[in-house]
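First up is the structure itself, then whatever we jot down about it.
The values are calculated or read from the model by the stated rules, or taken from the named source; none is laboratory data. Just so we're clear, the structure is a prediction, and the values are computed from it rather than from any experiment. Virtual Cβ from ideal backbone geometry, glycine too; neighbours counted across all protein chains shown.
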Amino acid sequence: MKQVVSQLCAGMVIILVLGFAHHVSGAGTIPGAGLTDGWKPMPFTHEIQHPFDLKTGDRYDFDPTNDIHHFWVRFTDKPHAPPPNKTNARSEMKLETYRDGEFMFDGDVMISPGTYACIGQVFDAAHGPEAMVVAHPDGTVTVQVHDLPKVNDVVSTNAIGHWWNLKMQNDTRAGGQVKIYVDNVLVATYPGRGPRDYYFKCGVYSREGSDLSEVRYRNIKMWVKAKP
């Protein structure tokens, strides 16, 4: 009897450890159909933000044959707008502004080695980033939340050099939440800011100490929660 109990306990420990590793690394993919049940695709406009003294094609490329958006930037590049703008250099897609309801960004991303940049944002149009998904050179991906300055949650590891799926969900209603999914697994939840204008961003927004940052995105979508 003791041997059976011991084997069961050991099995439970193994399951728990494997489950934690999967949650952190995002190495496996859980079918994502359930995440978009009750949602509908939302056509959207977008603009590409890039160093103001360069052409769009100097820091961004889109290949319609495979639906891949290629973003790259150097930390020494200029901001996306001329002085007095002093923000870090970026090559980003700014998606359409939204306000009332529940909205979700959905895209596959591949991070190039050496990248140290914000690769996704839930952005408050009037007050700046609400949540930032940041890629680090060691392969980790963290989430930083402007309203919670001590937050720097690791949501993925070994994230360089292969495709994985990023979803950023924003419930703009009072009491709503921001949720981050890696390969369709919920990895982070934060309090939202309530009704106001927002937009999603993806690409590379360089971090202090970076050199060349580069990502590719494909299958970029916006979803809106269908109203009952």
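If I ask for residues that are among the acidic types (Asp, Glu) and in a loop (DSSP other than H, G, I, E, B), which ones from the range 205-228 would you list?
Matches in the range 205-228: Glu208, Asp211.
Suppose we filter the range 50-87 for residues that are exposed (fewer than 11 other Cβ atoms within 10 Å of the Cβ), among the hydroxyl-bearing types (Ser, Thr, Tyr) and in contact with a Phe, Trp or Tyr (Cβ under 7 Å, 6 or more places away or on another chain); how many remain? Going through the range 50-87 one residue at a time, the tally reaches 0.
Selection of the range 185-204 for residues being more than 12 Å from the chain's Cα centre (by Cα) and either within 29 Å of Thr56 (Cα to Cα) or assigned to a loop (DSSP other than H, G, I, E, B) (or both) yields Gly192, Arg193, Gly194, Pro195, Arg196, Asp197, Tyr198, Tyr199.
Every residue in the range 172-189 that is of a type outside the set (Lys, Arg) and crowded, with 18+ Cβ neighbours inside 10 Å, please. Spell out how you get there, then give the answer.
Pass one, the range 172-189, residues of a type outside the set (Lys, Arg): 172, 174-178, 180-189.
Within the range 172-189, Thr172, Val178, Ile180, Tyr181, Val182, Asp183, Asn184, Val185, Val187, Ala188 qualify.
Restricting the first member to the range 202-222 and to residues that are closer than 13 Å to Ile111 by Cβ, and the second to residues that are of a type in the set (Lys, Arg) and at pLDDT 95 or above, the beta-carbon pairs closer than 7 Å and six or more apart or on different chains are Gly203/Arg90; Val204/Arg90; Leu212/Arg74. Considering only residues that are in contact (Cβ under 8 Å) with a residue 12 or more places away in the chain, more than 21 Å from Arg216 (Cβ to Cβ) and not in a loop (DSSP other than H, G, I, E, B), which ones fall in the range 124-151? Listed by number, the residues that qualify are Asp124, Gly128, Pro129, Glu130, Ala131, Gln144, Val145, Leu148, Val151. Checking each residue of the range 144-156 against the condition of being surrounded by 16 or more Cβ atoms within 10 Å (Cβ to Cβ), under 30 Å from Asp63 (Cα atoms), under 14 Å from the mean Cα position of the chain (by Cα) and modelled with pLDDT of 95 or more gives at least one match.
Collect the residues in the range 92-117 that are part of a strand (DSSP E or B) and touching a Leu at 6+ places or on another chain (Cβ under 9 Å), keeping them in residue-number order. Before you say what the answer is, go through the steps one by one.
Start the filter on the range 92-117 by keeping residues that are part of a strand (DSSP E or B), which leaves 92-95, 98, 102-111, 117.
Within the range 92-117, Met104, Phe105, Asp106, Gly107, Asp108, Val109 meet the criteria.
Which members of the range 97-135 meet the condition of being surrounded by fewer than 19 Cβ atoms within 10 Å (Cβ to Cβ), under 17 Å from Trp72 (Cβ atoms) and not hydrophobic (A, V, I, L, M, F, W, C)? Once the filter is applied, which keeps residues that are surrounded by fewer than 19 Cβ atoms within 10 Å (Cβ to Cβ), under 17 Å from Trp72 (Cβ atoms) and not hydrophobic (A, V, I, L, M, F, W, C), the range 97-135 yields Ser112, Pro113, Gly114. Among the residues of this structure, Gly120 does not count as one that is closer than 26 Å to Val182 by Cα, part of a loop (DSSP other than H, G, I, E, B) and under 18 Å from the mean Cα position of the chain (by Cα).
Residue count for the range 38-76, restricted to those that are in contact with a Leu (Cβ under 7 Å, 6 or more places away or on another chain) and over 27 Å from Val224 (Cβ atoms): 2.
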